[in-house]
Amino acid sequence: MNSIEKRCAEYKDAKTLQKIGLYPFFRPMTGSEGRRVNYGGKQMVMLGSNNYLGLTHEARVKQAAKDAIDKYGTGCTGSRFLNGNSDLHEQLETSFAKFFKKEAALVMTTGFLTNYTGIGTLVEKGDFILSDSENHASIIAGCRNTQAKTVVFNHNDMVDLEKKLAEIPAEATKLIVVDGVFSMTGELAKLPEIVALKKKVPNTWILVDDAHGLGAIGATGRGTAEFFGLEDEIDLITATFSKAMASLGGVIAGKKDVIHYLRHRARGFIFSAALPTASAAAVLKVLELIESEPQHLKKLAENIEYLKNGYKNLGLPVLPSQSPILSIWIGDEVKSLKVVAALADLGVFATPVLFPAVPFGNAIIRTSLMASHSKEDLDFALDAWSKVADQLQLRVEAPSTDGLHSRAAGYSFEKFA
Ligand SMILES: Cc1ncc(COP(=O)(O)O)c(C=O)c1O
């Protein structure tokens, strides 16, 4: 056996979960209306999607994508650098620069790629990245994709960030990178404090990954920077189109020269195929709707409050959140899988978040809201949660989130087999 075969053969976690009938991943959907989805012939209320504005099935958005297919075909068959560019990609960049109040923007094929190649290209040996310990995997990949030194600071811990900034030579360039909305808990980055530190420490820039903020947070859906009134202070914003924008793709916005540099130097952008025009057209339409129809964002905010209060009334340990992500703390990994299975039996789709996405023993169930959820959908979900809470004894006193931020090692699902 070579080392590849050995490594793969020795990986047992997923097989163990399959064996005990609690494997919660890759559930094949056979149809979707957005808020209701079909899995294996069973209709379920979707409580685990990032479709925050509920626009994946909006008639005008779908039509825009269909029109683009008719005009440009199903794929761009190459990099934007060479043959894959279109006027839609460029319109999208102009629109996003304006939307984020930045000089320029660059559209890429996924949000992951945007962080990976964006961070990886901009900072170099001699520079420093200060990265929150709960940042998304694409940011971690971006940090590994450069010879700059990455310093990880404790999650949302401004004392630790300040201390770590102070240890770096003043003349070195420092890029603070945070998720605007942390993807597992829905908690916001402490942008006001981070901006204050940037003002105090020379040669410091801020990059906010607003994957979960774009379209969902801020008075007009412009994201976490808008929520805090700090749009002028954030140097770089990255975001994805795979959540509230109801499509696929990624964007980075900032100064003109920075975007020009990325356009010509970011390997993951240059050497990868362009975003399909159908996806670009859908995003353009969603942007238009965000600006012209504030009711979607308003309805999302109402739904967040309704479900949050519903969870609290049921006595469920819901983690603090100011976003459409509402996570219920469970703790035990296997118990969280049982909760997901029990909810599915009752017709509710929710997702477990397990180690290593969270520290071992701090499993959560991540639920998320859409503007298109009706009150009946949410009542149906709350009724299911109530039954599962009784069945699996989930009603506990308010959880501490401290545990979420401690690391654990040496875990294996095999012990549950
Ligand atoms: C915070 C964050 N950044 C980036 C991404 C990657 O986005 P995409 O799905 O477009 O690759 C995600 C998606 O899960 C995310 O949650």
Using the Karplus curve 6.51 cos²θ - 1.76 cosθ + 1.60 with θ = phi - 60°, what ³J(HN,Hα) values do you get for each residue of the range 353-369, in whole Hz, with x for Gly and Pro?
10, 10, 3, x, 5, 10, x, 4, x, 10, 4, 10, 9, 8, 10, 8, 9
If you bin the C-alpha pair distances of the chain every 10 Å from 0, what whole percents do you get?
5, 21, 30, 27, 15, 2, 0
Taking neighbour counts of Cβ atoms within 10 Å as a proxy for exposure, in what order, fewest first, do E288, E305 appear?
E305, E288
With +1 on each Lys and Arg Cβ and -1 on each Asp and Glu Cβ, and nothing else charged, work out how big the dipole of the chain is about its Cα centre, in Debye to the nearest 20.
800 debye
Listed residue (T114, I290, T238) projecting farthest to the positive dipole end of the range 59-292, Cβ model
T114
For M29, M370, which order do you get if you count the other beta carbons within 10 Å of each Cβ and list the fewest first?
M29, M370
Only helices at least 20 Å long along their axis, Cα-based, and averaging -1.0 or more on Kyte-Doolittle count here, so list those DSSP H runs from the chain.
277-292, 375-391
Under a 5 Å amide H to amide H cut-off, with H placed in plane at 1.01 Å, what residues pair with V152 once short-range neighbours are removed?
S131
Trypsin sites (Lys or Arg not before Pro) restricted to the range 252-345 and DSSP loop, no more than 15 other C-beta within 10 Å:
K255
Treating only the Cβ of Lys, Arg, Asp and Glu as charged (+1, +1, -1, -1), what charge dipole size does the range 1-137 show about its Cα centre? Round to the nearest 20 debye.
640 debye
Reachable lysines from K62, Cα under 17 Å, same-chain residues fewer than 8 places away excluded?
K71, K243, K285
Lysines near K174 by alpha-carbon distance under 24 Å, same-chain residues fewer than 8 away left out - which ones?
K101, K102, K125, K149, K163, K164, K190, K198, K199, K200, K255, K256
Gyration tensor (Cα only) of the range 105-151 to equivalent ellipsoid, semi-axes in Å sorted down, yields 17, 13, 7
Local charge sum around K66 (other residues, Cβ-Cβ under 14 Å, Lys/Arg +1, Asp/Glu -1)?
+1
Are there trypsin sites (Lys or Arg not before Pro) in the range 1-109 that DSSP marks as loop and that have at most 13 other Cβ atoms within 10 Å, and which are they?
K12
Taking springs between alpha-carbon atoms closer than 10 angstrom, which of F26, F81, F100 fluctuates most in the Gaussian network model of the chain?
F26
In debye to the nearest 20, how big a dipole does the range 59-292 give about its Cα centre with +1 on each Lys and Arg Cβ and -1 on each Asp and Glu Cβ?
540 debye
Chymotrypsin sites (Phe, Trp or Tyr not before Pro) in the range 241-283 lying in a DSSP loop, each with at most 12 other Cβ atoms within 10 Å of its Cβ, come to F271
If the convex hull is drawn through the Cα atoms of the range 59-292, its volume per residue in Å³
108 Å³
Between rounded, prolate and oblate, where does the range 128-171 land on the alpha carbon gyration tensor, with a ≥ b ≥ c its root eigenvalues, rounded for a/c under 1.5, else prolate if a/b exceeds b/c?
oblate
Just to be sure I understand: of the beta bridges DSSP finds with both ends in the range 59-292, what percent are antiparallel, rounded to 5?
40 percent
Column: log10 I(q)/I(0), Debye, Cα scatterers of the range 47-196, q = 0.15 Å⁻¹
-0.99
Taking the chain and counting helices only, DSSP H stretches of n ≥ 4 at -39,500 (n - 2.57) each over all residues, the nearest-500 ellipticity at 222 nm comes to -12000 deg cm²/dmol
Candidate lysines for bridging to K42, where Cα separation is under 20 Å - those fewer than 8 sequence places away on the same chain excluded
K338, K387
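Taken together, the values in this text are just the output of simple stated rules run on the coordinates, not laboratory data. If you're wondering where the values come from, they're calculated on a predicted model, not measured in any experiment. Because the Cβ atoms are built from the backbone with ideal geometry, glycine has one as well, and the counts that use them run over all protein chains shown.
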